[in-house]
Structure formats: C-alpha cells, structure tokens
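**Q** Handing you a structure now.
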Amino acid sequence: MIDPKHVINELLVDVFNHILSIESDVLKKRGVKISMTEVHVLEAIRNSSIPTMGNVAHKLRVTLGTLTTSVNVLVKKNYVERYRDEIDRRKVFLKLNEIAIDVLKIHDRFHDEMVASLFKDLELEKDEVLMKSLENISQYFKQRY
C-alpha cells in the first residue's frame with residue numbers, strides 16, 4: 001500500500017529541487033553570474049518594504065550573520081550597496097544597483113515563463129481542486145514556518 005506521507009514528501013522535494021536546478025541553468029544561460037542564493041537575496045531586498053538587514057534576514061528566514069556573509073559578497077560584486085540610517089546608526093539599509101535590477105528582471109521572466117508553461121501544458125486553471133490544494137499547502141507553510 002502506498003504511504004501518502006511518503007508520496008507527498010517525495011513530490012514536494014522533487015518539485016522544489018527541479019525548479020531550483022532548472023532556474024539555475026536558465027539564469028546561467030541568460031548571463032546571470034551569481035548563485036541562486038544570491039539571486040534570492042536580491043529578490044528579498046527588492047521585496048522588502050523597508051530593506052534593512054534585519055528585515056531582509058527575517059524575510060529569508062536566516063540569521064543576520066548568514067545574511068551578512070551573502071551581502072558582503074554582493075557588495076563586493078557591486079550588486080548591492082549598504083548604508084546606515086542617519087539618525088539610528090545601528091540600522092543598516094540595503095539598496096540594489098542597476099546590475100541587480102537587471103538580474104531580477106531575468107529571474108522574474110523565468111518565473112513568468114515557468115508558470116505560463118505550467119498553465120499551457122497542464123491546463124491548471126481547469127483543476128480547481130489542485131489549485132485549492134496548492135493554496136492550502138502554501139498557507140500551511142506560511143503559518144507554520
């Protein structure tokens with residue numbers, strides 16, 4: 001008998017790993033010369049309403065030390081600028097440079113193409129149960145973690 005927990009675990013891990021691998025390959029072919037982790041840091045900076053080190057670390061669910069390591073590399077590669085708040089010098093803000101914005105455009109285009117392909121090839125919009133299940137899984141992870 002098939003164990004549903006095992007099947008769901010395998011499917012989630014498999015889909016996640018495939019997306020990361022494909023995304024990495026596509027971005028490299030399109031000229032992106034940074035890692036997927038670094039791309040996701042850029043994305044978190046862009047998507048933070050107030051892009052402080054603390055807010056971005058929270059968004060990525062990593063420690064400030066982990067983010068500092070990534071940001072140091074991105075600053076060195078000239079993708080990100082770091083600056084302190086004039087009033088509260090403890091606050092460190094992050095700003096994307098033009099090259100980072102270009103990378104994020106490529107990254108966004110990949111995601112748009114991937115989702116469009118899923119809808120075209122699998123006709124997902126017709127499968128309301130699948131859509132609701134995916135929404136429930138997403139909500140579960142957001143609330144739980």
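All of the numbers you see were taken from the coordinates with simple rules; none came from a lab. These numbers were taken from a predicted model, which means no experiment stands behind them. Positions of Cβ are backbone-derived with ideal geometry, glycine not excepted, and every protein chain shown enters the neighbour counts.
**Q** Return the FRET efficiency for the residue pair HIS58, ILE2: r is the Cβ-Cβ distance, R0 is 35 Å, and the value is rounded to the nearest 0.05. Kindly include the intermediate steps, with their values, before the conclusion.
**A** Values: r = 38 Å, r/R0 = 1.10.
Taking R0 as 35 Å, the efficiency between HIS58 and ILE2 is 0.35.
**Q** Separate question: Specify which residue in the list ILE87, VAL7, HIS18 is farthest towards the positive end of the charge dipole of the chain, using unit charges on the beta carbon of Lys, Arg (+1) and Asp, Glu (-1), about the Cα centre.
**A** Sorting the options by dipole projection puts first ILE87.
**Q** Of the listed values (i) 73, 66, 27; (ii) 60, 35, 25; (iii) 91, 53, 19, grab the one calculated as Cα extents along the principal axes in Å from the structure here.
**A** Comparing each candidate, only (ii) matches the computed number.
**Q** Any idea what the relative contact order of the range 4-144 is, in percent, if you count C-alpha pairs under 8 Å spaced at least 6 apart? Intermediate values should be presented prior to the final figure.
**A** On the way: 96 pairs, mean separation 26.7, N = 141.
About 19 percent, as a whole number.
**Q** Please identify which residues in the range 13-41 have an amide N closer than 18 Å to a label point set 7 Å out from the Cα of LYS77, following the Cα→Cβ vector.
**A** Once the point is set 7 Å along Cα→Cβ of LYS77, 20-41 turn out to lie under 18 Å by backbone N, inside the range 13-41.
**Q** While we're here: Helix 36-46 versus the longest principal axis of the chain: what angle, 0 to 90°, nearest 10, using Cα atoms?
**A** Once rounded, one gets 70 degrees.
**Q** Separate question: Write out the GluC sites (Glu not before Pro) in the range 51-144 meeting two conditions: DSSP loop, and at most 10 other Cβ atoms within 10 Å of their Cβ. Don't skip to the end; give the middle numbers.
**A** Working: sites: GLU81, GLU86, GLU98, GLU113, GLU123, GLU125, GLU128, GLU135; in loops: GLU86, GLU123.
Of the GluC sites (Glu not before Pro), the ones in loops of the range 51-144 whose Cβ has at most 10 other Cβ atoms within 10 Å are GLU86, GLU123.
**Q** Relative to the present Cα-Cα distance, how much length would full extension add between GLU98 and LEU11 at 0.36 nm per residue of separation?
**A** Numbers: separation 87, 0.36 × 87 = 31.32 nm, distance 3.71 nm.
Here the segment from GLU98 to LEU11 would lengthen by 27.6 nm.
**Q** Now for a separate question. Within the range 41-141, which trypsin sites (Lys or Arg not before Pro) sit in a loop by DSSP and count at most 15 neighbouring Cβ atoms inside 10 Å?
**A** Working: sites: ARG46, LYS59, ARG61, LYS76, LYS77, ARG82, ARG84, ARG89, ARG90, LYS91, LYS95, LYS105, ARG109, LYS120, LYS126, LYS132; in loops: ARG61, LYS77, ARG89, ARG90, LYS91.
Listed in order of number, the matching sites are ARG61, LYS77, ARG89, ARG90, LYS91.
**Q** Can you tell me the orientation of helix 98-122 relative to the chain, as the angle in degrees between its alpha-carbon axis and the longest Cα principal axis, to the nearest 10?
**A** Long axis of 98-122 versus the principal axis of the chain: about 10 degrees.
**Q** So what is the calculated 222 nm ellipticity per residue for the chain, using -39500 (n - 2.57) for each DSSP H run with n of 4 or more, over all residues, to the nearest 500 deg cm²/dmol?
**A** Details: 6 runs with 100 residues, N = 145.
Value at 222 nm, helices only, nearest 500: -23000 deg cm²/dmol.
**Q** May I ask for the net charge around LYS105, where only other residues with Cβ less than 14 Å from the Cβ of LYS105 are counted and Lys, Arg are +1 while Asp, Glu are -1?
**A** On the way: positive: ARG30, ARG46, ARG109; negative: GLU43, GLU98, ASP102, ASP108, ASP112, GLU113.
With Lys, Arg at +1 and Asp, Glu at -1, the net is -3.
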